[in-house]
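Quick notes on the structure that follows.
The values are calculated or read from the model by the stated rules, or taken from the named source; none is laboratory data. The structure presented is a predicted model; accordingly, all values stated were derived computationally and were not measured. Methodologically, a virtual Cβ is constructed for each residue, glycine included, from the backbone with ideal geometry; neighbour enumeration extends over all protein chains shown.
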Amino acid sequence: MELTMTHRSAIQTAIMLFIVALASLAQDAAKLGAEIKQLKPLSADPQVVSAVKAYNATPRSSEERAMTNEKWHSLTLFDPFVRAVAKSELSTYLKTKRDDVIVKIFVSGADGGKVGFDGKTEHWTHKGMPKHEVPMTGKTWTGPVKLDDSTGLEMLQVGLPVLDEGKPIGSIIIGLRADKLR
């Protein structure tokens with residue numbers, strides 16, 4: 001079968017659009033890589049490490065042990081349990097890390113429970129989820145771009161290990177505005 005000039009032109013256009021899309025993806029990946037490189041110091045930030053070490057060393061209260069993601073999701077910001085985490089030193093510190101690119105940031109202990117956050121998260125624990133489990137192996141996790149319910153923004157999450165002397169003791173998840181990475 002011989003291709004007509006119209007078919008050849010359509011194929012060439014499709015190939016050019018594909019090449020442009022690949023170049024755009026490579027550029028986005030480079031921007032994300034540069035952003036992750038800037039975020040990595042948070043993994044060993046003394047205030048973050050200290051709070052996670054203290055959390056990991058403290059036995060869970062009965063309320064913490066009974067907390068489920070479903071119950072957490074139903075709690076308001078005014079609930080005493082939520083407010084206790086929201087008013088912690090680490091949560092106050094994390095709020096200072098937000099900027100026009102970082103729109104969400106939270107820290108979990110080894111068990112996946114919340115140590116601190118800049119705003120209430122959708123889940124109490126991320127145990128069993130890649131955003132926590134991958135950093136607990138010492139690696140960086142990057143999620144897909146998705147609409148975040150709590151901010152209303154298209155966001156991409158990056159999970160980093162919280163490191164104490166090079167060993168993962170928790171995770172720090174940072175939500176980045178997708179439109180600022182393009």
**Report entry** From the options K71, K127, K139, K97, residue that is in a helix (DSSP H, G or I) and of a type outside the set (F, W, Y)
**Finding:** K71
Query raised in the report: What single numbered condition from (1) aliphatic (A, V, I, L, M); (2) within 21 Å of G166 (Cα to Cα); (3) in contact (Cβ under 8 Å) with a residue 40 or more places away in the chain fails to hold for M136?
Result: (3)
**Report entry** segment 45-56 residues that are polar (S, T, N, Q), paired with ones that are surrounded by fewer than 16 Cβ atoms within 10 Å (Cβ to Cβ) and part of a helix (DSSP H, G or I) (beta carbon under 8 Å, 6 or more apart)
**Finding:** Q47/E89
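Looking at T142, T125, which is the one that is within 27 Å of P80 (Cβ to Cβ) and either touching a Gly at 6+ places or on another chain (Cβ under 9 Å) or buried (at least 16 other Cβ atoms within 10 Å of the Cβ) (or both)? Reasoning before the result, please.
On the way: T142 fails: within 27 Å of P80 (Cβ to Cβ).
Only one candidate qualifies: T125.
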Requested in this report: Considering only residues that are of a type in the set (D, E) and loosely packed, with under 15 Cβ neighbours inside 10 Å, look in segment 58-75 and name the one that is nearest to D149 (Cα to Cα).
Outcome: E70
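For segment 45-84, enumerate the residues that are aromatic (F, W, Y) and out of contact with any His (no Cβ under 9 Å at 6 or more places or on another chain). Please lay out each step first, then the result.
Filtering segment 45-84 for residues aromatic (F, W, Y) gives 55, 72, 78, 81.
Y55, F78, F81 - these are the residues of segment 45-84 that are aromatic (F, W, Y) and out of contact with any His (no Cβ under 9 Å at 6 or more places or on another chain).
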**Report entry** Top-ranked residue of segment 57-67 - restricted to ones that are assigned to a loop (DSSP other than H, G, I, E, B) and touching a residue at least 12 places away in the same chain (Cβ under 8 Å), ranked as farthest from V162 (Cα to Cα)
**Finding:** M67
**Report entry** Residue satisfying all of: in segment 4-49; under 20 Å from the mean Cα position of the chain (by Cα) and among the small types (G, A, S); modelled with the highest pLDDT among these
**Finding:** A44
Requested in this report: Would you check if K120 is among the charged types (D, E, K, R) and either in contact (Cβ under 8 Å) with a residue 60 or more places away in the chain or crowded, with 17+ Cβ neighbours inside 10 Å (or both)?
Outcome: yes
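I need the full set of residues from segment 76-89 which are out of contact with any Leu (no Cβ under 8 Å at 6 or more places or on another chain) and either crowded, with 22+ Cβ neighbours inside 10 Å or free of Cβ contacts under 8 Å to residues at least 40 places away in the same chain (or both), in order please. Show your work before the answer.
Of the residues in segment 76-89, the ones out of contact with any Leu (no Cβ under 8 Å at 6 or more places or on another chain) are 76-80, 84-85, 87-89.
If the condition is that a residue be out of contact with any Leu (no Cβ under 8 Å at 6 or more places or on another chain) and either crowded, with 22+ Cβ neighbours inside 10 Å or free of Cβ contacts under 8 Å to residues at least 40 places away in the same chain (or both), then T76, F78, D79, P80, A84, V85, K87, S88 are the ones that fit.
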Query raised in the report: Somewhere in segment 115-129, is a residue in contact with a helix residue (DSSP H, G or I) (Cβ under 7 Å, 6 or more places away or on another chain) and either among the aliphatic types (A, V, I, L, M) or modelled with pLDDT under 90 (or both)?
Result: yes
